[in-house]
Amino acid sequence: MITVTTIVLAGALAALMLWKPEVTHTNGGKVLAFVSLFVFPMLAAFGGLNQHVERSKKTVFCTSCHAMNDYGKSLRIDDPTHLPAAHWQNGRVPREDACFTCHTDYTMYGDYKAKLRGLRHVWVQYLGTIPKTIKLYTPYNNRECLHCHEGARSYEEASPHKADDVGFARLTKNEVSCLTSGCHDQVHDVKGLSKAALWNPEPQSEAKLGKE
Amino acid sequence: MIGLGERNGNGRLRGIEWRLRIAAVLVLAGLVVEGASLTWSHPTAFLVFAIGSGGLVGVGVLSYLHSLVWRP
């Protein structure tokens, strides 16, 4: 709403400059021109950028590209061992920000890194070649899982996590992967999607889930 | 557009006012593109915003700043 107000105000001020540029003959007019043609346009541009970045965190946004359709559908796989589906269907991640919640880096500049990677995806979508198999740039870091699960009773009390060959310390140091050590390895099974049963929530739940 | 601004001896708008008007048109066009891009949640909308709106507003602001240091 603030962004829209800023754009409207910036537009009105720019229109005033277009209509009566002679207002700049006075000192007050010079200040008005500076506000109209520099301050407000920059504020509106910053606000717009902020809005677009916030929108790009939405699941609907991520799955709006054809290459990501199946990844969005995989959130509906009716199998509790399928990790992304179990997280999405049980509300363990905010459903409308599901992709970003798991695929950002929980570091100081992680969000910016994730957005820069997103720009690369846009580049590939329009000007590059989309690979047949979509892979992560780097192996999935336990840090992203532990951002939510560390300290949770279900995580702390699970006996496999306490076992000698795993251990909390090794999980925290990312020495044993949550995903590729054979424990939670069912992620985004897009190849098996055609055979998988999909969860169809009740209409009222559907409305809460959004259109993923 | 001539006739709305102050005119010089030849009945034409002064150069700086033309430049302000050009800057205003570019900024306005950029804001319209920005507003349109915000009605759509898609990667293409972001590109339209970044390239279209960013370009127009950027050139508009630069053209305004240039008009401040420009001498006829």
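Here are a few things to note about the model shown:
- Filter pass, A:Gly151 being exposed (fewer than 12 other Cβ atoms within 10 Å of the Cβ) and under 21 Å from B:Leu47 (Cβ atoms): no
- With respect to (1) more than 7 Å from chain B (Cβ to nearest Cβ); (2) outside any helix (DSSP H, G or I); (3) without any contact (Cβ under 8 Å) to a residue 24 or more places away in the chain, the lone exception for A:Ser64 is condition (1).
- Scanning the stretch A:1-41 for residues that are polar (S, T, N, Q) and within 13 Å of B:Val61 (Cα to Cα) returns a single hit, A:Ser36.
- Test: A:Arg76 is more than 9 Å from chain B (Cβ to nearest Cβ) and touching a strand residue (DSSP E or B) at 6+ places or on another chain (Cβ under 6 Å): yes
- Applying the condition of being surrounded by fewer than 20 Cβ atoms within 10 Å (Cβ to Cβ), within 10 Å of chain B (Cβ to nearest Cβ) and in a helix (DSSP H, G or I) to the stretch A:19-28 and asking which residue is nearest to the chain's Cα centre (by Cα) yields A:Trp19.
Let's see how each residue does on (1) in contact with a helix residue (DSSP H, G or I) (Cβ under 7 Å, 6 or more places away or on another chain); (2) surrounded by 14 or more Cβ atoms within 10 Å (Cβ to Cβ); (3) assigned to a loop (DSSP other than H, G, I, E, B):
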{"position": "A:Leu37", "(1), (2), (3)": "yes, yes, no"}
{"position": "A:Phe40", "(1), (2), (3)": "yes, yes, no"}
{"position": "A:Leu49", "(1), (2), (3)": "no, yes, no"}
{"position": "A:Val60", "(1), (2), (3)": "no, yes, no"}
{"position": "A:Lys73", "(1), (2), (3)": "no, yes, no"}
{"position": "A:Pro84", "(1), (2), (3)": "yes, yes, no"}
{"position": "A:Val93", "(1), (2), (3)": "yes, yes, yes"}
{"position": "A:Thr101", "(1), (2), (3)": "no, yes, no"}
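- Single unsatisfied condition, B:Ser41 versus (1) outside any helix (DSSP H, G or I); (2) modelled with pLDDT of 90 or more: (2)
- Looking across the stretch A:108-129, just one residue is of a type in the set (Ser, Thr, Tyr) and closer than 13 Å to A:Ser56 by Cα, and that is A:Tyr112.
- Selection status of B:Val57, at the interface with chain A (Cβ under 7 Å from one of its Cβ atoms), under 17 Å from B:Gly15 (Cβ atoms) and in contact (Cβ under 8 Å) with a residue 24 or more places away in the chain: no
- For the stretch A:107-120, the criterion of a residue being within 12 Å of chain B (Cβ to nearest Cβ), buried (at least 17 other Cβ atoms within 10 Å of the Cβ), touching a residue at least 24 places away in the same chain (Cβ under 8 Å) and over 12 Å from the mean Cα position of the chain (by Cα) is satisfied by no position.
- Residue count, the stretch A:131-180 (criterion: touching a helix residue (DSSP H, G or I) at 6+ places or on another chain (Cβ under 7 Å), in a helix (DSSP H, G or I) and not charged (D, E, K, R)): 8
The values are calculated or read from the model by the stated rules, or taken from the named source; none is laboratory data. Owing to the predicted nature of the structure, the values given are computational and were not obtained by experimental measurement. In this analysis, Cβ positions are derived from the backbone assuming ideal geometry, glycine residues included, and neighbour counts consider all displayed protein chains.
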